[in-house]
Amino acid sequence: MSTVQNTTEQILQLAAEHFKVSREKLTADDDFFQKLGINSLQALDLLTRLEQHFNIQLPDYELQGVSDFRTLAERIQSRL
Amino acid sequence: MLDLRQYNSLGEALRAALERWPDEICLIEADRERENVRMTYREFERAALPLACAWQDAGFKNGSRAAIIMTNQSKWLISAYSILFCGGVLVPLDYKLTSAEQLELLAHSKAEFLVVEYHLWRAMMQAEGFRSLGARVVLVTEAPPGADLAGAKRWEEFREERAPAFLPRSRKDAASIVYSSGTGGRPKGCVLTHENYLEQCVALTSLYPFWPGVRYLSILPTNHAIDFMVGFIGPFTCGAAVVHLRTLRPEYIREAFTRYKITYMSLVPLVLKNLERGLRRQLDELPKGRRRILNTLIGVNRALTRRRPRLALSRALLPQVHAAFGGELRALFVGGAFTEPATLQFFYDLGIQVGNGYGCTEAGTVITVNDFNPFRADTVGRPLPGIEVRILNPASDGIGEVATRSNMVMSHYLDEPEMTRETIVDGWLLTGDLGRLDGSGHLKLFGRKRNMIVTEEGKNIYPEDIETAFEGLPAKEFCVFAANYLWPARTMVGERLVLVIHLEPGQKITEELISRISDRNRRLVNYKRISGYLAWDRDFPLTASLKIKRGELADEIRRSLERSSVVAL
């Protein structure tokens with residue numbers, strides 16, 4: 001059974017790979033728009049990557065108002 | 001040409017269309033690979049009339065206000081028609097606002113009726129202020145079985161077969177209240193009349209016609225003024241079909257073009273840029289030889305379409321490119337924010353027309369749009385038929401404030417007579433945008449006169465709305481400005497927000513203060529964040545009711561400080 005912490009870690013790893021930044025530079029409370037310098041469409045791209053990894057479907061609106069990895073992990077965790 | 005003169009209201013015009021094309025497809029809704037909905041005009045009417053019965057049973061009257069808060073989907077249009085059928089006034093709200101903001105705007109609009117998607121309703125039920133919700137009848141769509149709806153009803157439950165009474169409206173009656181800004185202090189509720197919409201619809205479809213068989217791809221939510229016009233009223237009054245895509249993910253947008261043989265689509269610059277990037281990547285990946293051939297063909301297309309578009313020729317010259325867009329695309333519409341000329345030119349050279357337009361809610365949606373006669377990447381086109389545009393107090397270079405006059409300009413701002421008087425002067429709507437008209441009547445935009453910014457996603461951000469996020473900050477007073485308002489810049493890109501702080505006597509800017517500012521800033525959605533702060537050492541000029549005189553403060557700041565004084569966060 002994965003925990004939110006575990007899910008967060010996997011998201012950080014995937015985000016680092018996806019946007020080609022070092023994993024060490026990202027923390028759970030980071031604002032991913034700011035830290036990764038991405039726009040809302042690029043964030044949706046990441047969501048697609050996360051869906052493939054966790055084998056779930058996340059409607060676009062799940063990202064609504066979410067800008068940090070921890071909250072994103074919670075949203076994903078609730079669908080695992 | 002579309003003739004809507006015999007209709008007095010949107011409800012009447014739509015009802016006539018439903019009767020005229022009962023067997024044409026009007027709505028398709030796709031969620032990724034899955035198609036959720038496909039319905040004809042007859043089926044659309046059958047879905048909408050039971051809702052109209054429900055409204056009327058609940059006391060809906062001519063002029064009753066009904067809000068819709070939904071993502072991009074078919075039930076938005078069905079609900080809107082049921083409201084217009086009953087003579088109601090639509091209040092389309094942005095589903096992307098926070099629940100608290102939605103509740104504030106609902107209160108401001110005094111909407112008695114509400115249609116809302118379940119996940120948004122769930123968030124709203126948990127928000128502070130939910131108890132004071134004034135809407136007395138709420139219909140919730142897509143609620144899971146057994147969900148607690150706090151007294152709201154399920155949208156899908158209404159299947160009444162009685163015929164509801166159609167309630168007529170007159171052309172000058174309000175058709176909608178559309179909020180063109182957020183909630184900070186003074187919500188701007190633009191009251192648009194049936195005449196505004198009917199006239200705009202005729203003007204737009206004279207340039208970009210719809211007919212049965214045309215398919216419009218909708219990715220913007222229908223509360224967006226552009227989508228309401230070209231993704232609902234335009235196609236419906238002409239018997240065309242609207243394809244709703246419930247995701248903005250680029251891979252599904254690309255797929256929808258080919259799957260549904262799309263004719264038109266509206267998008268914001270951010271999505272257009274994304275399409276451009278994807279296309280450029282595909283072109284770059286071609287083997288060198290093929291790339292060279294393609295470049296030559298693009299060059300030939302560019303030369304042959306210099307004076308006017310020649311769609312059939314472009315499709316024949318560049319079949320792979322056009323096939324990627326489904327082969328039937330006639331135009332993309334882009335607006336809501338500044339689009340780089342290079343992007344427009346890139347698509348035009350491929351034979352894909354991008355109707356770059358300019359407008360605002362107050363003007364009834366579109367003011368100018370490129371008519372491709374000939375194509376101009378450097379302007380936002382000419383005024384629509386029936387719209388006058390002039391430049392107020394032009395400087396020596398011809399640049400001044402853009403003003404517009406037509407029967408598409410809104411009636412007024414809801415409950416804001418003073419703001420209405422300042423915005424509509426002698427029948428002319430002052431847009432607050434800076435522009436210049438050239439000899440051929442094309443409008444070119446150069447920046448903004450108002451204290452606001454527009455994001456690449458087409459969101460209007462009013463600095464006043466953002467100040468609440470900084471309330472309680474340890475400082476004497478503070479104020480948020482658009483940097484280009486403080487220091488006018490002739491540019492439409494890279495707009496920024498600045499926090500001006502006036503500290504208490506003896507107080508210093510400390511790391512702790514900056515970290516508190518940054519913390520508050522992070523709580524804002526990304527596009528609403530300030531990019532820097534400015535320390536100010538004088539009292540802010542205030543009105544008798546202790547409100548900041550923003551214009552005066554901006555003048556003082558402009559006189560004594562330069563843009564370089566802003567400290568980046």
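Please treat every number below as a calculation from the coordinates, not as lab data. What you see is a predicted model; the values in this text were computed from it and never measured. Cβ placement follows ideal geometry from the backbone for every residue including glycine, while neighbour counts extend to all protein chains displayed.
In percent, rounded to a whole number, the relative contact order of chain A is 40, using alpha-carbon pairs under 8 Å and six or more apart. For the protein assembly as shown, the dipole from Cβ point charges (+1 on Lys and Arg, -1 on Asp and Glu) about the Cα centre works out to 1780 debye, to the nearest 20. Rounded to the nearest Hz, the phi-derived 3J(HN,Hα) couplings of the range B:363-368 under the Karplus curve 6.51 cos²θ - 1.76 cosθ + 1.60 (θ = phi - 60°) are 8, x, 4, 9, 9, 10, where x marks glycine and proline. The Cβ shell under 10 Å around B:Arg376 holds other residues with a net charge of -1, Lys and Arg each +1, Asp and Glu each -1. Cross-linked pairs B:Lys476/B:Lys549; B:Lys96/B:Lys508; B:Lys172/B:Lys444; B:Lys449/B:Lys528: Cα-Cα separations exceed 27 Å for B:Lys96/B:Lys508; B:Lys172/B:Lys444. Evaluated with a Cβ-only charge set (Lys, Arg +1; Asp, Glu -1), the range B:355-485 carries a dipole of roughly 540 debye about its Cα centre, given to the nearest 20. A compact globular protein would have a Cα radius of gyration near 2.2 N^0.38 Å; the ratio found for the range B:462-568 is 1.02.
If you take all other residues with their beta carbon under 14 Å from the beta carbon of B:Leu27, and give Lys and Arg +1 and Asp and Glu -1, the sum is -2. With both labels modelled 7 Å from their Cα along Cα-to-Cβ, the B:Glu251 to B:Asp555 distance reads 5.7 nm. The ranking of B:His412, A:His53, B:His224 from fewest to most other beta carbons within 10 Å of each one's beta carbon is A:His53, B:His412, B:His224. What is the distance, in nm, between label points placed 7 Å from the Cα along the Cα-to-Cβ direction at B:Ala312 and at A:Gln13? In this crude label model, B:Ala312 to A:Gln13 measures out at 5.8 nm. In plain terms, the residue of B:Val137, B:Val480 with the fewest other Cβ atoms within 10 Å comes first and the most crowded comes last, giving B:Val137, B:Val480. Each eigenvalue of the Cα gyration tensor of the protein assembly as shown, multiplied by 5 and square-rooted, gives one semi-axis; in descending order these are 35, 31, 30 Å. Distances between placed amide hydrogens fall under 5 Å for B:Arg448 paired with B:Leu434, B:Ala489, B:Thr491, all partners being 5 or more residues away or on another chain.
Ordered by the number of other Cβ atoms lying within 10 Å of each residue's own Cβ, fewest first, B:Ser515, A:Ser40 fall into the sequence B:Ser515, A:Ser40.
Looking at the range B:462-568, the DSSP beta bridges with both ends there are about 65 percent antiparallel. Along its three principal directions, the equivalent ellipsoid of the range B:171-252 from the Cα gyration tensor extends over semi-axes of 24, 20, 8 Å, largest first. For B:Glu142, the amide hydrogen comes within under 5 Å of the amide hydrogens of B:Trp155, B:Glu156, counting only partners 5 or more places away or on other chains and with H modelled in the peptide plane. Within the range B:45-183, the percentage of alpha carbon pairs spaced more than 28 angstrom apart rounds to 12%.
The Cα atoms of chain A cover 29, 24, 20 Å along the three principal axes, with the biggest extent listed first.
Close amide-amide hydrogen proximity is noted between B:Glu29 and B:Asn36, B:Val37, B:Arg38, B:His244, each under 5 Å apart and 5 or more residues distant or on a separate chain (H modeled in the peptide plane; Pro and chain starts excluded). Per residue, the average separation of C-alpha pairs within less than 8 Å and at least 6 apart gives the range B:462-568 a relative contact order of 28 percent.
Look at where the Cα atoms of the range B:536-550 and of the range B:124-179 average out, and the two centres are 42 Å apart.
What is the sum of charges around B:Val214, taking Lys and Arg as +1, Asp and Glu as -1, for the other residues whose C-beta is under 13 Å from the C-beta of B:Val214? Summing Lys/Arg as +1 and Asp/Glu as -1 gives +1. Comparing Cα centroids, the range B:437-516 and the range B:224-295 end up 33 angstrom apart.
One quarter of the surface of the convex hull around the alpha-carbon atoms of the range B:487-543 equals 5.7 nm², the direction-averaged projected area. Considering only the range B:11-191, what is the antiparallel percent among its DSSP beta bridges, to the nearest 5? Among the beta bridges of the range B:11-191, antiparallel pairing accounts for roughly 35 percent.
Applying the criteria of a DSSP loop state and at most 15 other Cβ atoms within 10 Å to the trypsin sites (Lys or Arg not before Pro) of the range A:47-80 yields A:Arg79.
Loop-located GluC sites (Glu not before Pro) in the range B:13-94 (DSSP state not H, G, I, E or B) with no more than 14 neighbouring Cβ atoms inside 10 Å: B:Glu33. For the range B:316-336 versus the range B:1-52, the inter-centroid distance based on Cα atoms is 26 Å.
Can you classify the range B:156-211 as rounded, prolate or oblate using the Cα gyration tensor, where a ≥ b ≥ c are the square roots of its eigenvalues, rounded means a/c under 1.5, and otherwise it's prolate if a/b beats b/c and oblate if not? Oblate is the answer for the range B:156-211, as a/c is 1.5 or above yet b/c matches or exceeds a/b.
Counting only DSSP beta bridges whose two residues both lie in the protein assembly as shown, roughly 55 percent are antiparallel. Among the GluC sites (Glu not before Pro) found in the range B:426-535, those both in a DSSP coil and sparsely packed, with 14 or fewer other Cβ atoms within 10 Å of their Cβ, are B:Glu471.
Using just its DSSP H runs of length 4 or more, each adding -39500 (n - 2.57), the protein assembly as shown gives a mean residue ellipticity at 222 nm of -10500 deg cm²/dmol after division by all residues. Computed from the C-alpha gyration tensor, the three semi-axes of the ellipsoid equivalent to chain B are 37, 33, 23 Å, from longest to shortest. For the pair B:Val567 and B:Ile514, the difference between a 0.36 nm per residue extended length and the Cα-Cα distance amounts to 18.0 nm. Expressed per residue, the C-alpha convex hull volume of the range B:115-197 stands at 151 Å³.
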